[in-house]
Amino acid sequence: MAEQNKSAGTADNNVHVSGNVKPLDIKSTNTTASAPAAKVAASQNSKENAKKKAAKMPPSIQRPGRNKIRVPKARRMKLSVTKVDPWSVAKVSFLLSIAWGIIQVVCTCVIYWVLQAAGFFNAINSLVSSTGVSTGGTSAINIQSFLNLGTIVSFVTVFAIFQVLLIVIVATIGSFIYNVICMLVGGVRVTLGDD
């Protein structure tokens, strides 16, 4: 009977055996089954350790859904501007100065309309007429006769055209001078960072 119980114990590890027969230990007798079990236990321990480490890290460094803890590093590169193309400088400065000229004309028109709506020109005319200054006849000086909107806008437009030419010439000459200086000094150093 003990031998039957012994053979039953080897066939099924969950069978309770009565008497002097001890059930078989799976870890000691079955070496092929113990290797995957050890791997599973080790992987569970490593996952638990990673979760504990991730819980200790600040939330900005944690990545949801991953066990790896990765700290982002910003890349920085030090570069130097050693040469500037004069033709590209001329084109860019030309377009920027045209935009600046348009802004000047528009602002001049807006300022003229605001001053006229505020009564500035009428106040100047009354101030000049109260001083007794006249044009030689009986009529007083009228400022709006020679400071009208057309005259002011045409003056500002001519000034903006000269300004465009001056800015383009100065910027182009400045790029040539910068290239010569860069051959001697090495250029302007710039540090670029990855955000």
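All of the numbers you see were taken from the coordinates with simple rules; none came from a lab. Predicted model, so just to flag it, every value in this text is computed and none were measured. Positions of Cβ are generated from backbone atoms using ideal geometry, with glycine treated the same way; all protein chains shown enter the neighbour counts.
Note on LEU127 and ILE69: their simple-model spin labels are 7.4 nm apart, each label 7 Å out from Cα toward Cβ.
Ranked for footprinting exposure by Cβ neighbours inside 10 Å, fewest first, THR131, THR172, THR82 give THR131, THR82, THR172.
What does the extension gain come out to for PHE162 and ARG76, with contour length at 0.36 nm per residue minus their alpha carbon separation? Let's see the in-between values first.
Numbers: separation 86, 0.36 × 86 = 30.96 nm, distance 4.27 nm.
Full extension of this stretch gives 26.7 nm more.
Each peptide in 160-171, 183-194 was scored by the mean count of other Cβ atoms within 10 Å over its residues; highest first, the order is 160-171, 183-194. Note on LEU192/PHE120: beta-carbon distance plugged into 1/(1 + (r/R0)^6) with R0 of 45 Å gives a FRET efficiency of 0.35.
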